[in-house]
Amino acid sequence: METRLLWFCNWSVLGVCATLKLPQIFAVLGARSARGISLPSLLLELAGFLVFLRYQCYYEYPLLTYLEYPILVAQDLILLLCVFHFKGDVKQAAPYIVLCVSAWFILTLQKWIIDLAMNLCTFISAASKFAQLQCLWKSRDSGAVSAATWSLASYTCAVLIRFVIMLALNTWVAATILHYQKTDVKSE
């Protein structure tokens with residue numbers, strides 16, 4: 001029974017992560033706008049995913065223990081390009097992509113760098129959630145932000161006990177999005 005439950009949790013998280021950012025990407029493409037999406041939030045999230053992925057690769061953990069992270073990094077990079085495209089200049093994404101590629105190598109120049117970065121990973125991820133919340137609170141408009149993406153992110157955190165804090169923060173962001181979507185409907 002425990003083996004089946006573990007198998008289900010592992011594969012369900014992997015399946016959700018494989019599609020996690022697709023609702024957000026489709027929402028941005030459908031709205032033809034990145035309104036409501038916090039660039040700092042996206043960049044912090046990407047940094048957290050990149051650190052976690054690099055750490056797992058560096059210490060040669062089995063691929064199935066971190067397979068969702070290359071998928072998440074790719075989806076965040078696509079979303080980053082979409083955000084810059086709808087902000088008017090996709091070329092502005094180039095420095096951030098160069099920074100990600102550089103970070104991939106810099107993180108493992110010395111063992112202490114990757115270890116320190118990994119220890120900061122939860123704080124980086126939490127900061128990304130707070131950056132999105134701050135953007136939503138400031139604008140009082142969820143714009144093209146996808147509640148489905150944030151709800152799916154809540155599920156992945158719920159399954160993984162280590163990420164209980166991220167569950168609360170993702171749920172908070174999703175609730176804020178839904179609150180401002182309802183406000184938009186009422187005001188129209």
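The values are calculated or read from the model by the stated rules, or taken from the named source; none is laboratory data. As the structure is a computational prediction, the values presented were derived from the model and not from experiment. Neighbour counts are summed over all protein chains in view; Cβ atoms, including those assigned to glycine, are modelled from backbone coordinates with ideal geometry. SASA here: full protein model, heavy atoms, side chains in, ligands and nucleic acids out. Shrake-Rupley method; radii C 1.70, N 1.55, O 1.52, S 1.80 Å.
Being of a type outside the set (Ser, Thr, Tyr), open to solvent by less than 30 Å² (accessible area, probe 1.4 Å) and either touching a His at 6+ places or on another chain (Cβ under 6 Å) or at pLDDT below 95 (or both) holds for only one residue in Cys121, Cys135, and it is Cys121. Pairs meeting the criteria (first residue in segment 22-48 and hydroxyl-bearing (Ser, Thr, Tyr), second residue open to solvent by 20 Å² or more (accessible area, probe 1.4 Å), beta carbons under 6 Å, at least 6 apart or on different chains) are Ser33/Phe86; Ser38/Cys135. The selection criterion, being out of contact with any strand residue (DSSP E or B) (no Cβ under 7 Å at 6 or more places or on another chain) and either open to solvent by 80 Å² or more (accessible area, probe 1.4 Å) or of a type in the set (Asp, Glu) (or both), holds for Lys111. I need a count of the residues in segment 26-48 that are in a helix (DSSP H, G or I) and buried (at least 21 other Cβ atoms within 10 Å of the Cβ). The total comes to 9. Is it fair to say Val73 is among the β-branched types (Val, Ile, Thr), in contact with a helix residue (DSSP H, G or I) (Cβ under 6 Å, 6 or more places away or on another chain) and free of Cβ contacts under 8 Å to residues at least 40 places away in the same chain? Judged against the criteria, Val73 is a match. Considering only residues that are among the β-branched types (Val, Ile, Thr) and over 11 Å from Thr19 (Cα atoms), which ones fall in segment 57-77? Matches in segment 57-77: Thr65, Val73. Inspection of segment 84-92 finds a residue satisfying the criterion of being basic (Lys, Arg) and exposed (fewer than 11 other Cβ atoms within 10 Å of the Cβ). Test Val51 against the stated conditions and say whether it is in a helix (DSSP H, G or I), crowded, with 19+ Cβ neighbours inside 10 Å and either out of contact with any helix residue (DSSP H, G or I) (no Cβ under 6 Å at 6 or more places or on another chain) or of a type in the set (Phe, Trp, Tyr) (or both). So Val51 does not fit the description; no.
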